[in-house]
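The values are calculated or read from the model by the stated rules, or taken from the named source; none is laboratory data. Just so you know, these numbers come straight off a predicted model, no measurement behind them. So basically every Cβ, Gly included, is an ideal-geometry build from the backbone, and we count neighbours across all protein chains shown. Accessible surface is based on the protein model in full, side chains and every heavy atom, while ligands, DNA and RNA are left aside. Shrake-Rupley method; radii C 1.70, N 1.55, O 1.52, S 1.80 Å.
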Amino acid sequence: MSENGMRHINLKYIDESGIKTLFSKGVPCSKADKGTYDFYIGGKCRVYPSGRIGRIMKETLSHDVYVQFDNGNIETVNLLNLFYESLFGS
């Protein structure tokens, strides 16, 4: 098992008092994917496996997120399927 690691995913938001963490998830992963990944409400992300880029709208009750894509569609996405795009790109 030395080839595996842990991927830590944090969902955060920024308000007038600073950065707040809504929740964190830790999941086993390959050694190449291990690390800590911060995603922000209002921030952009890339969704696996489609590769589409969207903006994180809000958290669901089950700790997934609503992501709005460029075509206007809003979909529920598991945090484990989010990958970095840019934090607040245009």
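General remarks:
- Residues whose amide H comes within less than 5 Å of that of ARG7, counting only those at least five positions distant or on another chain, are VAL27, CYS29, GLY35 (H built at 1.01 Å from N in the peptide plane).
- Cleavage-rule hits (trypsin sites (Lys or Arg not before Pro)) in segment 1-42: DSSP loop, at most 16 neighbouring Cβ within 10 angstrom: LYS34
- More than 16 Å apart - percent of Cα-Cα pairs taken over segment 21-90: 45 percent
- Accessible area per residue in Å² at 1.4 Å probe, computed on segment 1-71: 62 Å²
- The chain: most fluctuating residue of PHE69, PHE39, PHE23 per GNM, C-alpha cutoff 10 Å: PHE23
- Using a probe radius of 1.4 angstrom, the carbon and sulfur fraction of the accessible surface of the chain is 53%.
- Charge-dipole axis of the chain as Lys and Arg at +1 and Asp and Glu at -1 on Cβ define it, positive-most pick from ILE74, SER62, SER50: SER50
- Given a 1.4 Å probe and the protein chains as shown, MET57 ends up with an accessible area of around 80 Å².
- Virtual spin-label span in nm between ASP33 and LYS12, 7 Å along Cα→Cβ: 2.2 nm
- J(HN,Hα) series, segment 59-75, from Karplus relation 6.51 cos²θ - 1.76 cosθ + 1.60, nearest Hz, glycine and proline x: 7, 8, 5, 8, 6, 9, 9, 8, 10, 9, 9, 4, 7, x, 5, 10, 10
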